[in-house]
Amino acid sequence: EGEPLLFGRFSASFFTMFQIMTGDEWSTVTRSLFDDGDIVISVAVFFSTYVLVAGIVLINIVVAVLLDEFITTVADEKAIKVMEKRHK
């Protein structure tokens with residue numbers, strides 16, 4: 001069974017959930033939970049929801065970092081232009 005290996009300890013569970021969040025073989029992990037052919041609806045709903053929410057959160061973090069860098073770069077360029085005008 002994949003469950004004790006992936007979710008047997010807190011550290012293993014944390015790493016497995018991080019692995020799922022980053023998209024690294026998340027389908028393999030979730031399919032291992034259903035190896036016996038018995039699909040538990042609550043587990044399927046949890047993992048589907050977790051993957052969707054984690055994906056949205058990660059995308060928002062990436063967009064926030066990119067926007068922050070863009071705003072910083074634009075502000076720096078404006079400051080450089082203002083200083084160039086003062087020196088002329």
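Take 4-11, 79-86, 24-31 and order them by the average number of nearby Cβ atoms within 10 Å per residue, most first; the result is 24-31, 4-11, 79-86. Once the chain from Ile61 to Val82 is taken as fully extended at 0.36 nm per residue, the excess over their C-alpha distance is 4.4 nm.
Segment 3-35 and segment 47-88 have Cα centres separated by 32 Å. Counted over the chain with a bin width of 5 Å, the fraction of Cα pairs per bin, in whole percents, is 3, 12, 15, 16, 11, 7, 7, 6, 5, 5, 4, 4, 3, 2, 1, 0.
In the context of the full set of protein chains, residues of the chain present 81 Å² of accessible surface per residue (probe radius 1.4 Å, heavy atoms only).
The values are calculated or read from the model by the stated rules, or taken from the named source; none is laboratory data. All values reported here derive from a predicted model rather than from experimental measurement. Because the Cβ atoms are built from the backbone with ideal geometry, glycine has one as well, and the counts that use them run over all protein chains shown. Heavy atoms of the whole protein, side chains included, go into the accessibility calculation; ligands, DNA and RNA do not. Shrake-Rupley method; radii C 1.70, N 1.55, O 1.52, S 1.80 Å.
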